[in-house]
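Trainee: Just passing along the structure, written as structure tokens.
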Amino acid sequence: MPCERKPMRYGHSEGHTEVCFDDHGRFIVTCGNDGDVRIWESLEDDDPKFITVGEKAYSLALKNGKLVTASSNNTVQIHTFPDGEPDGILTRFTTNATHVTFNSSGSRVAAGSSDFMVKVVEVSDSSQQKTLRGHEAPVLSVTFDPKDDFLASSSCDGSVVVWNIEEQTQVISWPLLQKTNDVSNAKSLCRLAWQPRAAKFLAVPVDTKVHLYERGSWDHVSTLSDDLLTQPINVVAWSPCGQFLAAGSVGGSLTLWDVNSKLCVERQKHEKGFTVCGLAWHPSGSQIAYTDTEGCLGLLDGLGVSTADTNAPKQAPVKKPAKDYDALFDDDDDDRVLDEGLSDTNSPVKKRVAVDGDEDDDDFLIPSTGRVRNRGAILDDENSLDTGSLKLGPDTFRDDDDDTGSAVVPPSVPLVALRPVYEGPMPTPPQKAFQSGSTPAHLTHRFMMWNSVGIVRGYNDEQDNAIDVEFHDTAVHHAMHLTNSLGHTMADISQEAVLLACSSTDELASKLQCLHFSSWDTNKEWMVDLPNGEDARALCLGQGWAAVATSTLTLRLFSIGGVQREIFSLPGPVVCMVAHGEQLLIVYHRATGFDGEQALGVQLLQFGRRKRQIVNGEPLPLSLRSHLTWLGFTAEGTPCYVDSDGVVRLLNRSLGNTWTPVCHTRETCKSRSDHYWVVGAHENPQQLRCIPCKGSRYPPTLPRPAVAILPFKLPLCQTATEKGQMEEQFLRSVLFHNHYSFLSSSGYEIDEDGQSRSQKEQQELLMKMFALSCKLEREFRSVELAELMTHNVVTLAIRYASRSRRMALAQRLSDMALERANQILEEEPEEQDEEPEHKSIRRNSGYDQSEVTGGRQSNRHNREEEEEQGQELGEEEDGQEMETEETTESRKRVNPFAKEAGSPVKPSLTPIGKVGRANPFKVFGSGKPSASSGQNRVTNILDNMTSSRRSAPPGGSAGKPGKGPVLKPLAPRPKSKTQSTLLQMTGTKTANKKTPGNTEPAADQRKEAEVPAPASPADNSDKRPKTGFQLWLEENRKSIVFDHPDMEETDVIKEAMGRFRTMSAEDRLTWTERAKGQTGDAFDLKKRKRDGGEDVGSENGREEADENDAKKKKPLDSASKLSAFAFNKN
């Protein structure tokens, strides 16, 4: 459709501007941000008449000599036209009206407002009003059904609603638009338009397309689109005949479609690319007036469309000589590709469609884009009245729905065959690169970065173009105010520096600027120019380095001082990039997505002593039809990200670097238009730090937004039940404590207290789930849970099963515990060869994945808590009281001197208790047991459950070298016949299961308990009776020598005497009695805990055996209280 684009002219001050024609097309009427309505006789009118209606005019409508305007004083006013005399106020709102429109007869006016309401008012009697309520955000536009039954409206809440005017009810609502909190923030004004005359279709602009909905059925019948449109469509308008639809977009594109053929028949471009916000057809259909957001007015003239309205003056199209087709596209060379195949003789005005001419044989061939190659062959000029022209006769517009005469091609060439239709999935526009923790760059006041270190704000308005840097901890650095003369749009902030980058211009290259405020020299700033044609797309700061990803798919790595360290190519265009310590996380486009999906890939690199790539180009999982909104690391260094659906995902390192959803922020939003803007995450404590945004996706800079804390919750099944809740807590605890293993393997110090607390929490949850499974009689599930438990907790589970009268379960658990112990013993010879100073502590084979390095040592610390927990669970089940020996608190105190020979040299975390001021950090050099090695320990089974890590004892040890753990019989309690039978079977089975290399049969254990332990070599060599001090010195000499390797023998004795004196009188008496061979009651009652005991005194063993025989006349194996699970550390 050939037309002429007239030069634009200034009409109003900068801001939203609207336009319409009067009923006869004699005047063009505009309103704008200056509060004036101007009446133009033509585009060349240099002195238009104006009417001042308020401080600002937001919208206008004109019909039957009545001019209606929406102004900034929250009213809808009416003036006479063209005189401009005030004629009263139609209606009022609590805030400004955003759009007004007349119905087809001019008897009613509809107005939408920012207070979420739509009002329909009778012009003749303004008291006759109908209010339509239901929108949850400001109204964008309103339009009447030509038959006056319905009214359609669009809103910032993302919906397009059709209302029944008389019933004041919603007929249908479509969620089509992006939600915003205000008209000024909306991506599109979404000005709806109902087809005139036939009233068959409602046109709704949705992003870069126009959806057509059928009146009555309200079905989405077709979509009008154009490949040239890349920006959202703002406004649509029907031609008076109802056959053509014009659209103006945010990017300044003007597009014209034939609705019947769904072909784009005309494209024009705003001469400066400004947003088109107003559009109106001349009543004759020959002109389109349009306005932009800069207050300018433009005109497309010479459109070859007529109407049956003979009163309208006939506008002859401008005849122009044939010239290159590029004139239609504003002489833009880039658009030339769209007209491939056009010859220079294809002028905008064609004389006639020659169907049988040789020169036009190819006129109806379709290029690969799916558009007709030679539009001039289809669109005829005004002089032809055949059925193939766009110049349609007066009889075309009949009231019936007959489409005769509406074809745009000769009947011999059917139009349907000319346009191949692609029905497959459509590609998704790729997400643009962004800085995580920043708000959109088009805002005048924005956050350039908000992270755990500080906040970088950018200001770009009429008064100032500056950057403010604020630190959460002012001890890092004071706040800074920077002049943004280079126009930086990207920023990052760390404990060492502030990194800024700007895009290139015609004169300047893209620059990277670093403010290294932690530098110890005087030069605290450096700047780098990127090569020509290369723009910074994303940047980040790590520990001692900075990285920038560019438009040439290149990543450049700099040291924090400005040295170029690395450069490598990215697999695709970068989307976002973040850093933490030595880790760099990159998200990029790995392919083109389809049907609204983004095909993103992720790389995770670590720049430590050994540079390595941890995640190599794996796809990044997103929710359906969503995009990435935030990318970062937790404070502990685990990668995580958030998508536009509000789903937070965390890297699960223990499951092959998979991504686990840990939170859904949308579940806590009160309204569909509310969002959470994430600024950080913590694993310990488990917190998601974010800012609530009401009615928008990101917060304003002023006033300073408050940070809220959201909890994490894994989306497991049936979390409303007790079982589901405990499963979620356990799995979340495991996931959120994986970072201990990563930090330890990376050489970082870890919080051992926090690690042991997490393991205790996990074991408690396992025990609770075990108890619940027992109550529900799910014994197989109970065994599954026991497989995740540690040795000590398995023992508690066995006791719980026994008390619950579940003998089969207890038997299975005992078999499992014995098998696990055998596996540990088989692995121990390898450990015995390791150096005592070796820092790596092997993981227990029965541990859950959450039990990271050092777990066995923390189990020793947690033994008392687990005992107490087991007691509570047992009491809840059957109300039985525990043995009296279990309640003696003094027997549970850990001996700080009992240290394994092969344990690493590290401080003990256990309390010292009442053993004097001896050094708790001391590590004994010999493998001898300490003072309590000969104690008689008649305590419960938990006291014998210690971690099984040991090393080969030296020759001076008081036991057999390399001997396996001793299964010590316990003081029995009267039990039922069933339990006694079970215990007898258990003892026999466990004795038979043990291999000769690991342990002794039960009969040998009984013999060993009755035979006195052999005296140490020192005792054999010296026949004289020793004093208690001499005996203590022999066992502690190596420890003293280890602490003071340079001491002489006399000094060693002096040091030993000093330490011996610091001991309590009761301890010294114990050693004296031991030296005399008198192990009386005073020695038996001490009962201090020790970790390295290897033997039991012969008299004690005899005494226990006698006690057992006195209480029960049964073999020893049947009297042991689940003794198969009590393992002493050798």
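The values are calculated or read from the model by the stated rules, or taken from the named source; none is laboratory data. Model, not experiment: these values are computed from the prediction. Glycine gets a Cβ as well: all are built from the backbone with ideal geometry, and neighbour counts include every protein chain shown. For accessibility, only protein heavy atoms count, side chains too; no ligands or nucleic acids. Shrake-Rupley method; radii C 1.70, N 1.55, O 1.52, S 1.80 Å.
Trainee: Counting only residues 5 or more places away or on other chains, whose amide H sits under 5 Å from the amide H of Leu443 once H atoms are built in the peptide plane?
Mentor: For Leu443, whose amide H was placed from the backbone, there are no distant partners under 5 Å.
Trainee: What percent does the relative contact order of segment 221-260 come to when contacts are Cα pairs within less than 8 Å and at least six residues apart? Could you put the intermediate results ahead of the total?
Mentor: Details: 55 pairs, mean separation 13.4, N = 40.
It comes to 34 percent, rounded to a whole number.
Trainee: So who's got an amide H within less than 5 Å of the one on Ser249, skipping anything under 5 residues away but keeping other chains? H placed 1.01 Å off N, in plane.
Mentor: Asn234, Val276
Trainee: Ordered by packing density, taken as the mean number of other Cβ atoms within 10 Å over each peptide's residues, highest first, how do 636-643, 740-747, 136-143, 1051-1058 rank?
Mentor: On the way: 636-643: 22.5, 740-747: 17.1, 136-143: 24.1, 1051-1058: 13.8.
Result, highest mean first: 136-143, 636-643, 740-747, 1051-1058.
Trainee: Count charges around Met490 for me, please; just the other residues with Cβ under 15 Å from its Cβ, Lys/Arg as +1, Asp/Glu as -1.
Mentor: On the way: positive: Lys432, Arg446, Arg457, Lys511, Arg537, Arg556; negative: Asp492, Glu534, Asp535.
Combined, the nearby Lys, Arg, Asp and Glu give +3.
Trainee: Here's something else I'd like to know. What relative contact order, as a whole-number percentage, does segment 136-250 give when Cα pairs under 8 Å and 6 or more residues apart are counted?
Mentor: Values: 279 pairs, mean separation 21.5, N = 115.
This gives 19 percent for segment 136-250.
Trainee: Please sort 749-762, 189-202, 286-299 by packing, taking for each peptide the average over its residues of neighbouring beta carbons within 10 angstrom, highest first. Before the final figure, lay out each step's value.
Mentor: Working: 749-762: 17.5, 189-202: 21.2, 286-299: 23.8.
With the highest mean Cβ count within 10 Å placed first, the list reads 286-299, 189-202, 749-762.
Trainee: Keeping all protein chains in place, calculate the accessible area per residue for segment 412-491 (probe 1.4 angstrom), answer in Å². Mind showing how you got there, number by number?
Mentor: Working: 4460 Å² over 80 residues.
With the other protein chains kept in place, segment 412-491 gives 56 Å² per residue.
Trainee: Show me the ranking of peptides 119-125, 53-59, 555-561 by mean Cβ neighbours inside 10 Å, starting with the highest. Mind showing how you got there, number by number?
Mentor: Numbers: 119-125: 16.4, 53-59: 21.4, 555-561: 18.7.
Packing order, densest peptide first, comes out as 53-59, 555-561, 119-125.
Trainee: What list of ³J(HN,Hα) couplings, whole Hz, do you get for segment 521-534 from phi and the Karplus terms 6.51, -1.76, 1.60, once you set θ to phi - 60° and write x for glycine and proline?
Mentor: Karplus-based 3J(HN,Hα) across segment 521-534 equals 9, 7, 8, 10, 8, 9, 9, 10, 8, 6, x, 4, x, 10 Hz.
Trainee: List the residues whose amide H sits under 5 Å from the amide H of Ile614, counting only those 5 or more places along or on another chain, with H placed 1.01 Å from N in the peptide plane.
Mentor: Sorted by chain and number, the residues that satisfy this are Leu604, Leu605, Gln606.
Trainee: Hey, any idea what % of segment 634-778's accessible area is carbon plus sulfur with a 1.4 Å probe? Walk me through the numbers on the way to the answer.
Mentor: Values: 3320 of 6570 Å².
Carbon and sulfur atoms account for 50 percent of the accessible area of segment 634-778.
Trainee: Would you kindly derive the ³J(HN,Hα) couplings of segment 465-481 from the backbone phi angles with the Karplus curve 6.51 cos²θ - 1.76 cosθ + 1.60 (θ = phi - 60°), listing them in order in whole Hz, with x for Gly and Pro?
Mentor: Coupling constants for segment 465-481: 10, 9, 10, 10, 10, 10, 9, 4, 10, 5, 5, 5, 5, 6, 5, 10, 10 Hz.
Trainee: Can you run phi through the Karplus equation (6.51, -1.76, 1.60; θ = phi - 60°) for segment 1038-1055 and list ³J(HN,Hα) in whole Hz, with x for Gly and Pro?
Mentor: The phi angles translate into 5, 5, 5, 5, 5, 6, 10, x, 8, 6, 6, 4, 5, 5, 4, 5, 4, 4 Hz.
Trainee: Beyond 28 Å between alpha-carbons counts as too far, so tell me which of Lys6/Lys432; Lys119/Lys269; Lys119/Lys262; Lys63/Lys200 fall in that bin. Can you show the working numbers first?
Mentor: On the way: Lys6/Lys432 35 Å; Lys119/Lys269 36 Å; Lys119/Lys262 34 Å; Lys63/Lys200 22 Å.
Going by Cα-Cα distance, Lys6/Lys432; Lys119/Lys269; Lys119/Lys262 fall outside the 28 Å limit.
Trainee: Still on this structure: Once ligands and nucleic acids are excluded and a 1.4 Å probe is used, how much of His282 is accessible, expressed in Å² to the nearest 10?
Mentor: 0 Å²
Trainee: What ranking of Asp468, Asp47 comes out by heavy-atom accessible area, probe 1.4 Å, highest first?
Mentor: Sorted descending by solvent-accessible area, the residues read Asp47, Asp468.
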